[in-house]
1. Among Lys210, Lys200, which is outside any helix (DSSP H, G or I) and either free of Cβ contacts under 8 Å to residues at least 60 places away in the same chain or under 20 Å from Ile33 (Cα atoms) (or both)?
2. Condition first: out of contact with any Asp or Glu (no Cβ under 9 Å at 6 or more places or on another chain) and surrounded by 14 or more Cβ atoms within 10 Å (Cβ to Cβ). Now tell me which residues in region 509-528 satisfy that.
3. Take the residues in region 258-279 that are surrounded by fewer than 21 Cβ atoms within 10 Å (Cβ to Cβ) and touching a helix residue (DSSP H, G or I) at 6+ places or on another chain (Cβ under 6 Å), then tell me which one is farthest from Pro436 (Cα to Cα).
4. Which of the following residues is surrounded by 15 or more Cβ atoms within 10 Å (Cβ to Cβ), more than 44 Å from the chain's Cα centre (by Cα), touching a residue at least 60 places away in the same chain (Cβ under 8 Å) and not in a helix (DSSP H, G or I): Glu61, Glu41?
5. Name the residues in region 147-171 that are surrounded by 17 or more Cβ atoms within 10 Å (Cβ to Cβ) and assigned to a loop (DSSP other than H, G, I, E, B), would you?
6. Would it be correct to say that Lys80 is surrounded by 13 or more Cβ atoms within 10 Å (Cβ to Cβ), in the same structural domain as Phe130 (by TED's automatic domain parsing), charged (D, E, K, R) and at pLDDT 90 or above?
7. Wholly within region 411-513, which strands (runs of 3 or more DSSP E) include no fewer than the required count, namely at least 1 residues that are acidic (Asp, Glu), touching a helix residue (DSSP H, G or I) at 6+ places or on another chain (Cβ under 8 Å) and at pLDDT 90 or above?
8. Thr344: at pLDDT 85 or above, closer than 22 Å to Lys276 by Cβ and not aromatic (Phe, Trp, Tyr), yes or no?
Amino acid sequence: MDLTKDVKYIKGVGPNRVLLLNKLNIYTLKDLITYYPRTYEDRGKVKPLAECIDGEEQTIEVIACSKVSEIRLPRKTMQKLIARDETMSCIITWFNQSYLKNKFEIGKKYRFYGKINYKYGKIEINSPVFDEIDKTKNTGKIVPIYPLTYNLSQTTLRRIMENAMIEIKGKLEETLPDYIIKEYKLTDINTAIEMIHFPKKPEDFAIARKRLVFEELFSMQLALLALKNSYLKEEKGIQYSKNVSVKDLSKEFPFELTGAQKRVLDEIEKDMESDKCMNRLLQGDVGSGKTAVAMCAAYKAVKSGYQVAIMAPTAILATQHLENFNKTLEKKNIKCELLISAITKKKKNEILERLKNGEIDIIIGTHALIEDNVQFKKLGLVVTDEQHRFGVKQRSKIAEKGKNPDILVMSATPIPRTLALILYGDLDISIIDELPPNRKKIETYAVNKSFQQRVDNFIQKQIEQGRQAYIVCPLVEENEEQDLKSVIEICKKYQTEIFPQYRVEYLHGKMKPKEKDEIMLKFKNKEIDILISTTVIEVGVDVPNANIMVIEDAQRFGLAALHQLRGRVGRGEYQSYCILIYEPKGENIKKRMKVMCETNDGFIISEKDLELRGSGDFFGTMQSGLPEFKIANLFEDMAVLKQAQIAAQKVIEENGVEKEERLQKLVEDKFKDRIEI
C-alpha cells in the first residue's frame, strides 16, 4: 500500500480541496489517515422530544405533520416543517434551502440531528441534518469531528476520509511486532485506523485510541533510547582527574551554593570521573543558579587539561555568560573568549587560531560555534544553554569537534520530570529544585483591562524611583483574526500619549539580531525606561534594575511561557512585580491566572499547564528535534506512557532496534530528518 501517494488522487479531492488539505498539513494518503478526529458526535442515541434539553445537540425520531412551507425574508428564505413524536411536537427550520420543499411526506418518519432550542415552551431545531428512518448517512451513528480550516466543511472532510478508508481497507502493513501487540493487548493497525475515524460504538474509539497512543509513545521512546544507546556504545569518554573538584571554584562565588546545586554538582562530578560520556540535562527554574553549576563543571574540565564550548541561543546571552565567567575565572588564570557573528573577520580569525592552538580554555558563542572552521585542540566539555532552541543534531555537531566530549544541556523551562524523561529520553536528568535564599518572590497580579490606568500609575511610580519596566505583547503586527495591538502601535501610544516624558523603545522577533542586541544593551545600561517587546525577551539578558513586567493579553500565553517571561524581572535587589492583563473569558483562563498569582515554582506551574492545556499546546516551544504528538495527550496518557517506556526499554536491552525490521521502520518514520540514530 503506497501511503506516500499525493492526497490529490483520493476520490473527492479536487484542485481547490488539495490546497485546503495542505493548510492542515495533509499532503499524502498517510497524512490524511493519521489526521485524527478531535471529538465525536453520537448521533445514534434517540431521545423523545419531551426529554430533550435546551442547548444540547440531539437525535430525534419524528413524523412529518406538514409540508415544508417557505417564508420570504429580507435577503433570504426560511423553510419550516412541523413534526412530532408521541410526546410533543416541534418546529424544524432551515435557511435558503428551497430544495427541501418536496423532501418530506406527511405521516412519514424521519430522523433529525441538531441543536435543541426551547422557545416559549416549544421546541425549535434550526438547520439539522436528517435521514429517512432506514438510512444512516447523517444520523444513527457516531460521527467524527475534525479540526478544520476555513472553507473546508466537516461533511466534505468526512466524505474524503470515507473514500480513503475504502482505499486502504485491510491493506495497511502492521507497524508493531506481533509479540508487542499480544503482550499489551492492542488491536491491529487496520482496525485501529478504521475505528478511530468511524467507530461503530463508543468502546471502538477507546480500543483504537489505546493502540495508536501506545504506538506513538513507544516509537518515540524507542528512538530516544536507541540514541542514548548509541552514545554508550561509542568509544570510552574522557575520565577526568579526581585531583580537581568541581566544588573548588565555589569558594570564589560571593554566595553559598544551595543544597540542590551541591547535589547536582556531585552527579556531574561522578559522570566526569567515569569513563562514560556524560549526556546530562540540567533543569532548573529561572534564577536557580544553573550558570554557576556549569562554571564549576567547566573549571574541572579546564584544570584537567581540556577545552570547553558553551553554546547560547542569542549573542546577548553569550555576551552575558562571558561577563559572568570572566568575573570568576580570570582569578584562576582561565582564558575565556566570545565567538559571535558580530565580531570582525580579523578578530574572528585570530580567535579561531588561538582556539586551535589551545590558547583559549573556554569558548562561549552562538550557532557560530557549529561552523566547520571552528576547531579545538582538545575539546572536553560541551554546554548548551536553553536546549529546546537547539535541535539534537546541532548538539551532536558541536560534540563531533572533540573526541567523545562530555555534554551538559541546560534548560530553564521547568517541565514535570515524567515529561523530561520523554523529551530528553536520551539524557540523564539533574534538577535544581530550590532557589537561592536571598531571592525575593515576584509579586504577581492578574487584572482585566479596566485596571489599565492604575497599572500605568504604578509603572510611573516605579520609574520615578529609578526602576525600569517591560511591557510584553503577543504579536508583532495587526492580525485580522486575533485583533491584537501590535508592538509598534503600543510603543507609539506609550511614547506620545501615556509616557511622553520617558524613554520608550520596542523589540520584536523580526528585527535583525544586531538591532535586538543594541536595544537590550541600551536597556541594560539604563538608557531606556520602558521596553515594549514580544516574547523575544523570554531567553534574555539580566537587567537587575528592571522590576516590572506587564503582560498584555496574558490569556494568550501558556503558563510555562508566562513563567519564563516573569523570570526576566526579580534579577536585582528591588522588589519586583508581574502584572497580567487578561480577558477573563472562561473558567480555564481564570484558573491559569490564579496559578500564576499563587506560585513562583516553575515545576508546579508546568504540571498545571500540562493539566489545563494538554500536551498539544504545552509543547509550543519545546518540540525542537522531536516529532509532534498526533493523538497522545501526556497528561491523560501517563499510564500508557509508562507501559511504552517499559516496552521500549525491554526491546533495547534484549534485541535492539536494528534486528527487527518493523521497529527500525517505525523509528525511522517518526524521526527521519530529526535525529540521526
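1. Lys200
2. Hits for region 509-528 are Met511, Pro513, Lys516, Asp517, Glu518, Met520, Lys526.
3. By that ranking, first place goes to Cys277.
4. On the way: Glu41 fails: more than 44 Å from the chain's Cα centre (by Cα).
Every option except Glu61 fails the conditions.
5. If the condition is that a residue be surrounded by 17 or more Cβ atoms within 10 Å (Cβ to Cβ) and assigned to a loop (DSSP other than H, G, I, E, B), then Leu152 is the only one that fits.
6. Working: surrounded by 13 or more Cβ atoms within 10 Å (Cβ to Cβ): yes; in the same structural domain as Phe130 (by TED's automatic domain parsing): yes; charged (D, E, K, R): yes; at pLDDT 90 or above: yes.
The answer is yes for Lys80.
7. Qualifying strands (runs of 3 or more DSSP E): 504-507.
8. Details: at pLDDT 85 or above: yes; closer than 22 Å to Lys276 by Cβ: no; not aromatic (Phe, Trp, Tyr): yes.
For Thr344, the condition - at pLDDT 85 or above, closer than 22 Å to Lys276 by Cβ and not aromatic (Phe, Trp, Tyr) - is not met.
The values are calculated or read from the model by the stated rules, or taken from the named source; none is laboratory data. Keep in mind that this is a model prediction, so the values were computed, not measured. We place every Cβ from the backbone using ideal geometry, glycine too, and count neighbours over all the protein chains shown.
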